[in-house]
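What follows draws every value from the coordinates through simple rules; no lab data is involved. Owing to the predicted nature of the structure, the values given are computational and were not obtained by experimental measurement. Cβ atoms come from the backbone with ideal geometry, glycine included; neighbour counts cover every protein chain shown.
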Ligand code: PLP
C-alpha cells in the first residue's frame, strides 16, 4: 500500500483490541476501557435537548462560543489558581483532538518528546505521525513520581516537549507539590513545551492535585488539556479544551480549524451546561474512590502490590510477586479462562503490570476480583 509508512507502523491501541476480543464471551466482565458507567447528569441532557429544538445549529464560533470559554476559564482560574482569559482557550473534540493538534503544531522532524512511564497510549502515535521521537522516563522505580533529577537526565538539545498526565492514566498517581514545583522551576528558562493532560483533574481523592495552570511564569510554554469525558461521563459528546497563551492559541487554532473546524454545537452547549450548572461532581468522585479502595484492598490481600491511586478510576497492579508470563499473556489468559478483561501493562509502556478500570459497581468488581483471585491461586498451585 503506497501510503504514509508512519500510518502503517501505528496500531489500534491494545486497550481497544482487548476490549474487542472480550466480546467473544457473553458473560465477560470488561474492565478495560476508561468509559465511566455513571450517568451523564440529567440537566445536561435536558437543557441541551431544549437548545437543539430552539436553535438553528449553525457552525459554531471558531475556537468555541464565548459562553463556554468563559465558563472554562472561570472554572479553571477559580479552582486551580490559573489566570487564563477567554482568548486563551480553544474548545476541541475531546482531549484526543487537543493532544493531536498540540503535537502537530509544535513538532518538527526529529524533535524529542519526553513521556513519563507508564503513559496513556494516545500520545505515542501522535508523536510518531508528526515526525517526533518519544523519549520515555521510567517512573516505576520512583513510586510513579517524576522528579527533576530524573527529568534532567533525559533532556537533550532536541527536547521539544514534556507530556505530563496527572492524575495519571493508568496509575492514578499525582505529582507531589515538591516535585511539580521543582520541575516547573527547572523548566523556567528552557525552551521546552509542557503539555499537561489534566483530564482526570475532577476525580481526585484528597484535594492534593495541582494544575500546571497555576505556574503563570510558564504560560507561554504550557498547553493545558482537559475535557468532559471523565468528569461528566460525556465520552460520546467528544468535548475537550486547551488552555494556553494567546500567542500559542493563534497557532493552534489554525491546525484545529483545518482538522475539524469545531466540535458540534450540541456538545458545546452540553459542556456549557456541565460547567455552569453541574460543576459539583463530588458524588461521582466519592463513588470512584470507594471502588478504587475496594479493588486496592482486594489486590493487596492477594499479594498484588499497587500504589494507592490518588485520583482517576484506575488501579495499576504489579505482577512482581508472581511468576506469571508477560502482562499480555496474563491479560489474555485471564480473559480466556475467567472471562475478565483487563489491560496489560505493556499497553502503557511497562511490562509486569496490569490496569483495572473501576468503571463498574462494587458488586460487579467483587465478582471480577473473586475470579482474579481464583486465577492467581490456580497459577500458584
Ligand atoms: N487523556 C487521557 C489521559 C485519557 O485517559 C483519555 C481517555 O481515556 C483521553 C485523554 C481522551 O479523552 P477524550 O475522551 O476527551 O478524547
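Peptide packing: for 116-122, 53-59, 168-174, the average count of neighbouring Cβ atoms within 10 Å per residue gives the ranking 168-174, 116-122, 53-59, highest mean first. Legend: calculated FRET efficiency, residue 337 to residue 186, from the Cβ-Cβ distance at R0 = 35 Å, rounded to 0.05, equals 0.15. For 88, 220, 70, the sequence from fewest to most other C-beta atoms within 10 Å is 220, 70, 88.
Maximal additional length on extending the residue 27-residue 7 stretch stands at 3.7 nm, based on 0.36 nm per residue less the C-alpha distance. Available extension along the chain between residue 86 and residue 67 is 5.9 nm, counting 0.36 nm per residue and deducting the alpha carbon span. Residue exposure proxy: 205, 313, 186, ordered by other Cβ atoms within 10 angstrom of their Cβ from fewest to most, comes out as 186, 205, 313.
State whether the stretch 128-226 is rounded, prolate or oblate according to the following rule on the C-alpha gyration tensor (a ≥ b ≥ c being the square roots of its eigenvalues): a/c under 1.5 gives rounded; otherwise a/b larger than b/c gives prolate, and the remaining case gives oblate. Judged from the Cα gyration tensor, the stretch 128-226 comes out rounded (a/c under 1.5). Footprinting exposure proxy ranking of 290, 230, fewest other C-beta atoms within 10 angstrom first, gives 290, 230. Hydrodynamic analysis of the stretch 245-381 uses the Kirkwood radius over alpha carbon pairs. Inserted into Stokes-Einstein at 25 °C and 0.890 mPa s, it gives a translational diffusion coefficient of 138 µm²/s. Would you please give the FRET efficiency between residue 377 and residue 293, computed as 1/(1 + (r/R0)^6) with r the Cβ-Cβ distance and R0 = 25 Å, to the nearest 0.05? The formula returns an efficiency of 0.65 here. Multiplying the residue separation of residue 258 and residue 216 by 0.36 nm and removing their Cα-Cα distance gives an extension gain of 12.2 nm.
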